[in-house]
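**Student:** Take a look at this one; I'll ask things after.
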Amino acid sequence: MGYSVLKPDGEFILEETIEEKDLGVYITSDLKLNRQCSTAATKEIRILGQIRASFSFLDKETLRLLFTGLLIGNSRLCCLHAAFPSLTTTL
């Protein structure tokens, strides 16, 4: 099954794709979030590593504040929760 766009000079058939990225969100043909969640989780781990490398001493409260401000503030909690459910339940 294909989709088409009606243009003034004729009909244009859209080609089928397995995955597209639009506005930073990955959309797959099966509409599952696996690719989006794995990409977001990779970014979360990278940011968390940068936080840990930037501080010589990091207590739980400071880590929680930085984590919530930098990661959860970017609306990626749902994907992080899918990758690390035990990490997000402690916040």
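The values are calculated or read from the model by the stated rules, or taken from the named source; none is laboratory data. Fair warning: this is a prediction, and the values are worked out from it, not measured in the lab. As a convention, Cβ positions derive from the backbone with ideal geometry for all residues, glycine included, and neighbour counts pool all protein chains shown.
**Student:** Could you please give the count of residues in the range 1-56 that are in a loop (DSSP other than H, G, I, E, B) and at pLDDT 75 or above?
**Tutor:** Residues in the range 1-56 being in a loop (DSSP other than H, G, I, E, B) and at pLDDT 75 or above: 11 in total.
**Student:** Sticking with this structure for a sec: Determine the pairs where a residue that is over 19 Å from LYS43 (Cα atoms), located within the range 19-33, has a partner that is surrounded by 10 or more Cβ atoms within 10 Å (Cβ to Cβ) and among the hydroxyl-bearing types (Ser, Thr, Tyr) with Cβ atoms under 6 Å apart, the partner being 6 or more residues away or on another chain.
**Tutor:** Close Cβ pairs (under 6 Å, with a partner that is surrounded by 10 or more Cβ atoms within 10 Å (Cβ to Cβ) and among the hydroxyl-bearing types (Ser, Thr, Tyr)) amount to GLU19/THR28.
**Student:** Another one. Pick from SER29, SER56: which is loosely packed, with under 10 Cβ neighbours inside 10 Å and polar (S, T, N, Q)?
**Tutor:** Of the residues listed, the single one that is loosely packed, with under 10 Cβ neighbours inside 10 Å and polar (S, T, N, Q) is SER56.
**Student:** Being touching a Lys or Arg at 6+ places or on another chain (Cβ under 7 Å) and among the small types (Gly, Ala, Ser) narrows it down to one residue among ALA53, ALA40; which is it?
**Tutor:** ALA40
**Student:** Need the failing condition index for LEU70 against (1) modelled with pLDDT of 75 or more; (2) under 12 Å from the mean Cα position of the chain (by Cα), just the number.
**Tutor:** For LEU70, the failing item is (2).
**Student:** Let me ask something additional. Select from the range 57-69 the residues that are in contact with a helix residue (DSSP H, G or I) (Cβ under 8 Å, 6 or more places away or on another chain) and part of a helix (DSSP H, G or I) and write down the one among them that is farthest from TYR3 (Cα to Cα).
**Tutor:** In this case the residue turns out to be LEU63.
**Student:** Only one of (1) at pLDDT below 85; (2) loosely packed, with under 11 Cβ neighbours inside 10 Å is not met by ARG64, so which one is it?
**Tutor:** Only one criterion is unmet by ARG64, namely (2).
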